[in-house]
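I have placed the structure first, in the form of structure tokens, so that the comments after it can refer back to it.
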């Protein structure tokens, strides 16, 4: 059995949102460098969107990518 990586945990959190936007603080609780983990996940082919609302970042898996 392999240990879950921080990237695995970030991906799991995004999947649990079921297409809804996830506040950056929720990802920051998983790991301080969540942006790097999102970059890694994108390099593996996961379609992750981000948007800013009044300077606050939100992330989600593209709804059709789940």
Exercise for the section: Could you tell me whether any residue of region 48-61 is part of a loop (DSSP other than H, G, I, E, B), surrounded by 11 or more Cβ atoms within 10 Å (Cβ to Cβ) and either at pLDDT below 95 or touching a strand residue (DSSP E or B) at 6+ places or on another chain (Cβ under 9 Å) (or both)? Expected result: no
Problem - Residue list for region 34-43, filter: surrounded by 14 or more Cβ atoms within 10 Å (Cβ to Cβ) and either under 12 Å from residue 61 (Cβ atoms) or in contact (Cβ under 8 Å) with a residue 24 or more places away in the chain (or both) - result: 34, 37, 38, 40, 41
Problem - Members of region 1-15 found to be more than 10 Å from the chain's Cα centre (by Cα) and either closer than 20 Å to residue 64 by Cα or part of a loop (DSSP other than H, G, I, E, B) (or both), listed by number - result: 1, 2, 3, 4, 5
Completion exercise
Expected output for region 50-66 (first residue more than 12 Å from residue 11 (Cα to Cα), partner exposed (fewer than 11 other Cβ atoms within 10 Å of the Cβ) and modelled with pLDDT under 95, Cβ below 9 Å, 6+ apart or cross-chain) is 63/18
Problem - Members of region 30-47 found to be over 14 Å from residue 13 (Cβ atoms) and part of a loop (DSSP other than H, G, I, E, B), listed by number - result: 32, 33, 44, 45, 47
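The values are calculated or read from the model by the stated rules, or taken from the named source; none is laboratory data. Given the structure is predicted, the values throughout are model-derived calculations rather than measurements. Note that we place each Cβ from the backbone using ideal geometry, even for glycine, and neighbour counts take in every protein chain shown.
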